[in-house]
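Trainee: Structure provided below as structure tokens; questions to follow.
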Amino acid sequence: MSTFIETQFPIARLSAESYKERKAGASQTLTGLGKWWGRKPLILVRASILGMLMPASDNPKKDREIFLKILTMDDNGTWQRNKGRIKNRATFDALTYAERLKDCERPENIEGPTTAAWAEINAHLGTTATCLPELVEQLGHRTFGHTPRVGDAFCGGGSIPFEAARIGCAAFGSDLNPVAGLLTWASLNLLGGGNEVQEEIRRFQEAVFAAADRQITEWGIEHNHRGERAEAYVYCVEVKPDGCDYYIPLSPSWVVDEYMKVIVRWRQVPESDCLKPEVAVVSNAEMAECKRTGSTVVDSRVVDPFDSSRSWSIEALRGSDGLRRWTNDDLVPRKGDVFQERLYCIRWMDSDGNRRYAAPDATDLAREAKVLKLLRERFSDWQREGFIPSKAIPESGAETDRLFRERGWTHWHHLFTPRQLLTHGLLANLSSGSQNRRLSVVTMLNMGRFADWDSRLSCWLSHKSQMSRGKNTFLNQALNTLFNYSSRPLLALTHAQISLANQSFDCTRVEVKPSDARDLGETCDFWITDPPYADAVNYHELGDFFLAWYDRQLAKVFPEWIRDARAELAVRGDGEDFRRSMVEIYKNLAQHMPDNGLQMVMFTHQDPAVWADLGMILWAAGLKATAAWTISTETEAVGIKKGNYVQGTVCLVLRKRVASEPGFLDEVYPLVEDEVKRQIASMQALDEDGEPNFNDADYQLAAYAAALKVLTQYGTLDGKDVEHEVFAVRARDEKSDFQTVIERALGIACDTLVPRGLDHSWRELSLVERYYLRALDIESRGERRKGMYEELARGFGVTDIRPLLKSDKANGTRMFTPSGLAAGLLAPIQGAESDATALPARRGRAGTGAPHPFAASPLRHLMFSIRETTAAENSPEPGRQYLRDTFGQGYWGKREGFIALLEWLAALGNAEGMNEWITDSEASRILAGRLRNDHA
Ligand SMILES: C[S@@+](CC[C@H](N)C(=O)[O-])C[C@H]1O[C@@H](n2cnc3c(N)ncnc32)[C@H](O)[C@@H]1O
């Protein structure tokens, strides 16, 4: 029997809910526990589990209605979640779903369906539930004979086990990385612990901070003689290049706080090679001037603040042998090191809350020295106890090698100033010693949170509209060394403590176990996984940043866990090793589920080819795809490496392939074609329902998914074994039959998506013409990612798109306009169709000298006639004459098609961001009118 998710899924509403959850930023339920990359939206996990549990009936409309009720995503449910800004129900219902959500609670933050909704749900499903856990229990018993167990073998930040447990499933989470294990354990046992546990944690954190505050006040390292207390410290690196008499402090900007109009100026001091900072409150004009010129690092060069014509390459300053490597006991740069460090600004606050910025004076520098002394006195003990890190940084990592190269840092504690180490170490010391496992976990997570928010990699960010502040280390998914950075005094660290959303659920049937997914022996009814993507995040390296702080404590609290990121076992890359590991892992998971169990694999990737690879992997692992849905889960800001990332997450639903039937390519093609068309039609229908969710990437991914759905039913294809095919050694450009089918699906998808208004003329066009028009179509809808233009080209089989692109920037790709093409493919041209083949090689296909296929196309001639119209100041005569001369009698057969194309091009100039088209669109409109009135 099929489940709901294998027949339908409310993609549009779920995308809107996922987007809302993502946009909630720090108030997402799990983010307050600690940093992890790629957490999946909880609403998506909830919907997936319920969709896998709920049986599909023969009334899909009713199924959908009930499913939405369970999630409080039906009309009554959203009204129930309305926070009250809109008082009138009719007004509320008239809004689009996304608009309604703006003022709604998230489903996770309300009780759940109303009693009336439960009555309808139970009537349809034959259950007697009054809450989600009861429903889960009853549906689970029906299918599996017990409470369903949901497992995630790549649990990361814990979204999947957490949500599974919250709605009443037994949950299992595992990850290679112990940092991920800790976060998942915490999500289940701290959040799941309910009010009592959360109150205990709150009291614990308060007590630790109060004790730390007493100690820091006694040391006198954050207070000054005016009765003020420091609220932020800002440091910078400085260098003394050869030929320069003084150290140059480095920063890309000397604006300290644009909101409070504060900048730093540097002054020379007679007889000293140290410049003196002067903190000043300035006028708007001075602020503007500082922003324009006040920078001592420009394009990787150090610029003399007193003579901007003098600059030195930073690379060269590091020297040919590189920087001196710091040793474990180096806490600050040594005399003679290329990069020195200095405090240059402090923000003070008095007891009335008044704030001011000041350059450090002698007493501040004395306090800095005292901090260093206090730290040195404790350093060895604290390292031994594990209150501060002692581990070395792995040298050859993709993320970590720059720490060696750019700063000479060799140990994780080098990423922290003495003040940071002293404060964090003090807090760790004061929190230690509890026999309570939960509180020990709180301590570790807090150490991780402090490390993220307070390191030499925490930048100082000036704002126009609010006071400046220090940001966290992992603003993006990299370990970037900085020239200037912030440091937090104790009170500012209170904001970095873990925060717990108010939750309560049964956490007795949950289990977390860090393990390589290959070795898992646990059985689950559903495996829901979100494997590491082919190139995106180096989890094992970034995780080490935190592991360095957890190390010794982890050994005490979870002695059975391996305290190493075990980089060598991490699934990564996209080559042979990646595929082998993945097949092995998914085979293992398939073996550890019942025959009627289900899997969901979530995958967000910019490159659909990688996704196609994943499909093959799952196929080879003995799984068959039964459905695939694309949900928009990523907000713009989440695409950390902004660029060609896809905003949709593909959710592939899989079952065990119990019987292995043979498949034959010639039978498979028509099935794939039908499935792709069906899938696209269902997405288009949703888009047209007033809730647009899909971009071109989503459609393309859906095409791949549809092909997989057909292919993975079979155990062999034309007698070839899948696993053998996945690992077969091939020449660079050689494709497997499987890849060919999958790419064919993309072709079908590309061809099914006809730009609106071109339906009639589409069949007449060649592939390269279709490509050009589809590319314009996506451009007019705001798509600028180069990968999308390339992917389209793949779908249409166009091998060289360069002559058609005005710009091929990664995030600024655009097609040529007719006038723009004049300088390239369109000129020179005298009229005859065959002239096109005489185009010089420069404009032909790269390297081949052959003409570009677009050059000989009727569309090119049509574009030339538009250009002629523009050149003749919108007189359509030369353009019309050109077409008649070029096509002779053929002109009359083509005329209707030309008019349709011209009218379509005429509309482009009205689209947002298509200003470049305004002139040519107007010419197209005029020419279309002239052609319409043309008579033999
Ligand atoms: C995309 S993340 C999962 C995110 C998670 N679904 C969430 O919502 O937070 C992928 C995870 O796979 C883990 N991983 C990598 N190789 C692994 C392996 N061989 N076994 C188990 N986990 C592995 C990484 O540590 C990472 O946490």
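The values are calculated or read from the model by the stated rules, or taken from the named source; none is laboratory data. Keep in mind it's a predicted model, so treat the numbers as computed, not measured. Neighbour counts run over all protein chains shown; Cβ positions are idealised from the backbone, glycine included. Calculation scope for accessible area: heavy atoms of the full protein, side chains included, ligands and nucleic acids excluded. Shrake-Rupley method; radii C 1.70, N 1.55, O 1.52, S 1.80 Å.
Trainee: In the P(r) worked out for the chain, what percent of Cα pairs fall beyond 45 Å?
Mentor: 41
Trainee: While we're looking at this one, here's another question. Would you please give the residues with an amide H less than 5 Å from that of VAL256, counting only those at least 5 places away or on a separate chain, with H modeled from the backbone geometry?
Mentor: Long-range HN contacts for VAL256: VAL262, ILE263, VAL264.
Trainee: Angle, helix 115-125 long axis vs. longest principal axis of the chain, Cα atoms, 0 to 90°, nearest 10?
Mentor: Once rounded, the angle reads 50 degrees.
Trainee: Scan around VAL510 for amide H atoms under 5 Å from its own, H built in the peptide plane at 1.01 Å from N, and keep only partners 5 or more places away or cross-chain.
Mentor: When sequence neighbours closer than 5 places are left aside, the close amide H contacts are ALA171.
Trainee: Let me ask another. May I ask you to list the trypsin sites (Lys or Arg not before Pro) in segment 1-96 that are in a DSSP loop and have at most 12 other Cβ atoms within 10 Å of their Cβ?
Mentor: Loop-located and lightly packed - LYS83, ARG85, LYS87.
Trainee: Suppose every Lys and Arg Cβ carries +1 and every Asp and Glu Cβ carries -1, with no other charges. What dipole size does segment 417-550 come out with about its Cα centre, to the nearest 20 debye?
Mentor: That gives segment 417-550 a dipole magnitude of about 860 debye.
Trainee: If I ignore ligands, DNA and RNA and count only protein heavy atoms, how much of ILE801 is accessible to a 1.4 Å probe, in Å² to the nearest 10?
Mentor: Spelled out: ILE801, probe radius 1.4 Å, area about 20 Å².
Trainee: Another question about this same structure. Would you grab the residues whose amide H sits under 5 Å from the one on ASP718? Only those 5+ places off in sequence or on another chain, please, with H modelled 1.01 Å from N.
Mentor: Distant-sequence amide H within range of ASP718: GLY663, PHE664, LEU665.
Trainee: Provide the per-residue ³J(HN,Hα) series for segment 769-784, in order, calculated from phi with Karplus coefficients 6.51, -1.76, 1.60 and θ = phi - 60°, each as a whole number of Hz, with x at glycine and proline positions.
Mentor: 5, 4, 4, 4, 6, 5, 5, 5, 4, 6, 4, 5, 9, x, 6, 10
Trainee: OK, next. For segment 86-173, rounded, prolate or oblate, judged on the Cα gyration tensor with a ≥ b ≥ c (square roots of eigenvalues), a/c < 1.5 rounded, else prolate if a/b > b/c?
Mentor: Taking the square roots of the gyration eigenvalues as a ≥ b ≥ c, segment 86-173 is oblate.
Trainee: Among 871-880, 2-11, how do they line up from the highest to the lowest mean number of other beta-carbon atoms within 10 Å?
Mentor: 2-11, 871-880
Trainee: Quote the relative contact order of the chain in percent (integer), defining contacts as alpha-carbon pairs under 8 Å separated by 6+ residues.
Mentor: 11
Trainee: Another one. What is the percent carbon and sulfur in the accessible area of the chain, measuring with a 1.4 Å probe over the protein chains and ignoring ligands?
Mentor: 49
Trainee: Excluding ligands, DNA and RNA, what is the solvent-accessible area per residue of the chain at a probe of 1.4 Å, expressed in Å²?
Mentor: 40
Trainee: Dipole size in debye (nearest 20) for segment 479-555 around its Cα centre, Lys and Arg Cβ +1, Asp and Glu Cβ -1?
Mentor: Charge dipole, segment 479-555, about its Cα centre: 440 debye, nearest 20.
Trainee: Rolling a 1.4 angstrom probe over the protein chains, ignoring ligands and nucleic acids, what is the accessible area of GLU341 in square angstrom, nearest 10?
Mentor: For GLU341, the solvent-accessible surface is approximately 40 Å².
Trainee: Put +1 on the Cβ of each Lys and Arg and -1 on the Cβ of each Asp and Glu in segment 885-936; which of ALA907, TRP917, GLY893 then has its Cα farthest toward the positive end of the dipole?
Mentor: GLY893
Trainee: Here is a further query. Rounded to the nearest 500, what is the 222 nm mean residue ellipticity of the chain from helices alone, with -39500 (n - 2.57) per DSSP H run of 4+ residues and division by all residues?
Mentor: Roughly -13500 deg cm²/dmol at 222 nm, from the helical runs in the chain.
Trainee: Please get the size of the charge dipole for the chain, origin at its Cα centre, with Cβ charges of +1 on Lys and Arg and -1 on Asp and Glu, quoted in debye to the nearest 20.
Mentor: Dipole magnitude for the chain comes out near 1660 debye.
Trainee: Positive end of the charge dipole of the chain (Lys, Arg +1 and Asp, Glu -1 on Cβ, about the Cα centre): tell me which of GLN591, LEU182, LEU753 has its Cα farthest that way.
Mentor: Going by the Cα projections, it comes out as LEU182.
Trainee: Could you point to the residue in THR91, GLY112, ALA123 farthest towards the positive end of segment 72-139's charge dipole, with +1 and -1 charges on the Cβ of Lys/Arg and Asp/Glu respectively?
Mentor: Projecting each Cα onto the dipole axis, the largest value belongs to THR91.
Trainee: Determine, for each peptide in 541-554, 236-249, 264-277, the mean count of other beta carbons within 10 angstrom over its residues, then list the peptides with the highest first.
Mentor: The densest-packed peptide leads the list: 541-554, 236-249, 264-277.
Trainee: Something else now. Only loop residues by DSSP count here, and only those with at most 14 other Cβ atoms within 10 Å; note down the GluC sites (Glu not before Pro) in segment 356-423 that meet that.
Mentor: For GluC sites (Glu not before Pro) across segment 356-423 that sit outside H, G, I, E and B with at most 14 neighbouring Cβ atoms in 10 Å, the list reads GLU395.
Trainee: What ranking do 862-869, 181-188, 91-98 get when scored by the average of other Cβ atoms within 10 Å per residue, highest first?
Mentor: Result, highest mean Cβ count within 10 Å first: 181-188, 862-869, 91-98.
Trainee: Still on this model: Rounded to the nearest 5, what is the percent of antiparallel bridges among the DSSP beta bridges in segment 232-332?
Mentor: DSSP beta bridges in segment 232-332 are roughly 100 percent antiparallel.
Trainee: LEU372 accessible area, nearest 10 Å², 1.4 Å probe?
Mentor: For LEU372, solvent-accessible area is about 40 Å².
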